[in-house]
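Trainee: Right, I'll just put the structure down here and ask away after.
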Amino acid sequence: MTDGVIAQFSIAAVVLVALGGATFTLGWMMRRKRAWSRNVLAHICRVGGLTLIVLTLRQTVYLALSLYPRLHVSQETINIIAALAIALLWLRELLQLINRLTSAQISKGSDPTSARAVARALKVAAGCLIVLLFGEHFGIGLSGLLAFGGIGGIAIGMASKEVLSNIFSGIMLFFDRPFRIGDWVSSPDRNIEGTVVEIGWRLTRIITFDHRPLYVPNAVFSAISVENPGQMTNRRIKTTISLRYEDAQRVQPVVNDIRAMLQGNDKIDHDHTLLVYFEEFAGSSLNILVYCFTKTTDWAEWLAAQQEVYLAIIDIVHGHGADFAFQSQTLYIAKD
């Protein structure tokens, strides 16, 4: 081995150590500092350094092959391996950057459904870009890709009809927005109820109220009705108060006081329907309808507001000397 060859190997070793140290340091800083991990320039520098490492290794292998021709490894094989390594490095860096930017947008308050849908589209675009850039190195030309897209697309479409149906349904879910991540959804047509935690390419993942994951194919939502209580503006209080028939003279004062109580309650939304009326002569009671809406949509807060209203109604009824009816029958016995 001549001095010139030794010098070339030495230079390659120095370059590899320098590039490896710089790339490792940059990667460590990106893991330690969140702002660096979301910086496009930092990702470009790291993938550039890794690409130079691969190219330097390729040249080193070329030099080794010139010294040891018995290895029987062609330069074309080395080129393909190097191109594959660079393509995978670029794709990995792009996917990491997209994931970190998506997390940053969600943490800033962006809609998770929109952010993740855009991230999926960017990942598909990144994959297509890598194939177009490096396809020539693997013998895949643009004409070949177009031909595969035509013939292969038909074959794939026939073989995976259900999968494509779920994917297109997932796209329509994004545009129609019947629900978003975090919404409480239910279906009267199927036994589906819970909180949406993920809208994927093929499946929507729902956590039921007993904390069990439920995976629903996206195509199902195009054939069923879906209720979205998570997007409600108010929660309703609706109940029937049953008074005894002997309290008939007290019905009107009770109705007036209940209506006044609701009108003075700051937890009741007075911009929506508020009804308190004597509604029905029932079999064993005089029934009063109470119908109103709370300002909150939170279930726990709604329960607290409803409890407050119900306890106030009990005080009003008892304050007028009336009482609640219970189901009863009166039996009249005729004398012989």
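Computed from the coordinates by the stated procedures, all read-outs in this text should not be read as laboratory data. Bear in mind the structure is a predicted one, so any value in this text is a computation, not a measurement. Please note: Cβ atoms are built from the backbone with ideal geometry, for glycine as well, and neighbour counts cover all protein chains shown.
Trainee: What share of all Cα pairs of region 163-279, in percent, falls into each consecutive 10 Å distance bin?
Mentor: Here the calculated profile for region 163-279 is 12, 31, 17, 17, 15, 7, 1.
Trainee: Right, next: Give the cross-link partners of Lys33 among the aspartates and glutamates, using a straight C-alpha distance below 19 Å as the criterion and excluding same-chain residues fewer than 8 apart.
Mentor: Answer for Lys33, where 19 Å is the Cα cut-off: Glu93, listed by chain and number.
Trainee: All other residues with a Cβ under 12 Å from the Cβ of Val254 taken together, and with Lys, Arg as +1 and Asp, Glu as -1, what is their net charge?
Mentor: Spelling it out: positives minus negatives among the neighbours equals -1.
Trainee: Could I ask something else about it? Can you tell me the mean projection area, over all orientations, of the convex hull of region 162-230's alpha carbons? Units nm², please.
Mentor: If you wrap the Cα atoms of region 162-230 in a convex hull and average its projections, you get 4.0 nm².
Trainee: On to the next question. So if I place +1 on the C-beta of Lys and Arg and -1 on the C-beta of Asp and Glu, and nothing else carries charge, what would the dipole magnitude of region 162-230 be about its Cα centre? I want it in debye, nearest 20.
Mentor: With only Lys, Arg, Asp and Glu charged at Cβ, the dipole is about 160 debye.
Trainee: Can I ask one more? Using alpha carbons only, what's the Rg to Rh ratio of region 232-319 with Rh from Kirkwood?
Mentor: Rg/Rh for region 232-319 comes to 0.99.
Trainee: Another question, then. Where a Cα-Cα gap under 30 Å defines reach, which lysines qualify for Lys267, not counting those fewer than 8 residues away within the same chain?
Mentor: Lys238, Lys295
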